[in-house]
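A short write-up of the structure that comes next.
The values are calculated or read from the model by the stated rules, or taken from the named source; none is laboratory data. Please read all numbers here as calculations on a predicted model, not as lab measurements. Counting neighbours? That spans all protein chains shown, and the Cβs are built from the backbone with ideal geometry, glycine included.
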Amino acid sequence: MNARQKRLFDEARKRNPDLKMPAATSPPPVLTEEDLALIKQGVGDKSPREQAMAESGGGEGAGAAGHSGMVVTYFEEKGFGFIRPDDGGKDIFFHVSRLAEGDPTQLTANTPVAYQLGMDRNGKIAATEIRIVKPE
């Protein structure tokens, strides 16, 4: 127990004299190389997300096939919104910084877009390389 924890415990004990000292904890677990690799990616196991990305054909290098959909909502002041895929499914998050072609002022409801699937900074599925599709 470090000095700060001891001080906090002593203050809590003044308010509750029956408070007992916490038991000594066991030593921290030994981390394997796989555990360290997961920690470098982010907190937690990423395998379900990677599997979902593989099933949807997504990822940063998804190729030229891509996906298409319509902008459902776009919050211009915050710089993000959601795309409804043409093939159905959950709405996809996007950030204006991922707009590859087009003007951000054109991102309004029902604007057709083409995009790739990737991951946002939190490791969740998001649209990348967004292009506003021009009407024919």
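Which one is surrounded by the most Cβ atoms within 10 Å (Cβ to Cβ), of the residues in the stretch 113-125 that are modelled with pLDDT of 90 or more and either in a loop (DSSP other than H, G, I, E, B) or of a type in the set (A, V, I, L, M, F, W, C) (or both)?
Residue satisfying both the conditions and the ranking: Val113.
Would you please list the contacts, defined by Cβ atoms under 9 Å and residues six or more apart or on different chains, that run from a residue in the stretch 1-22 that is among the charged types (D, E, K, R) to a residue that is exposed (fewer than 10 other Cβ atoms within 10 Å of the Cβ) and part of a loop (DSSP other than H, G, I, E, B)?
As it stands, the answer is Arg13/Met21, since those pairs meet every condition given.
Are any residues in the stretch 1-36 surrounded by 11 or more Cβ atoms within 10 Å (Cβ to Cβ), modelled with pLDDT under 75 and part of a helix (DSSP H, G or I), and if so, which ones?
Matches in the stretch 1-36: Asp35 only.
Is it fair to say Ser68 is on the phi < 0 side of the Ramachandran plot, at pLDDT 50 or above and either out of contact with any Gly (no Cβ under 8 Å at 6 or more places or on another chain) or of a type in the set (Phe, Trp, Tyr) (or both)?
Judged against the criteria, Ser68 is a match.
Under the condition of being of a type in the set (D, E, K, R) and outside any loop (DSSP other than H, G, I, E, B), which residue from the stretch 71-112 is modelled with the highest pLDDT?
Applying the filter and picking the extreme gives Arg84.
Which condition number in (1) modelled with pLDDT of 75 or more; (2) over 30 Å from Gln5 (Cα atoms) is the one that Gly59 fails?
(1)
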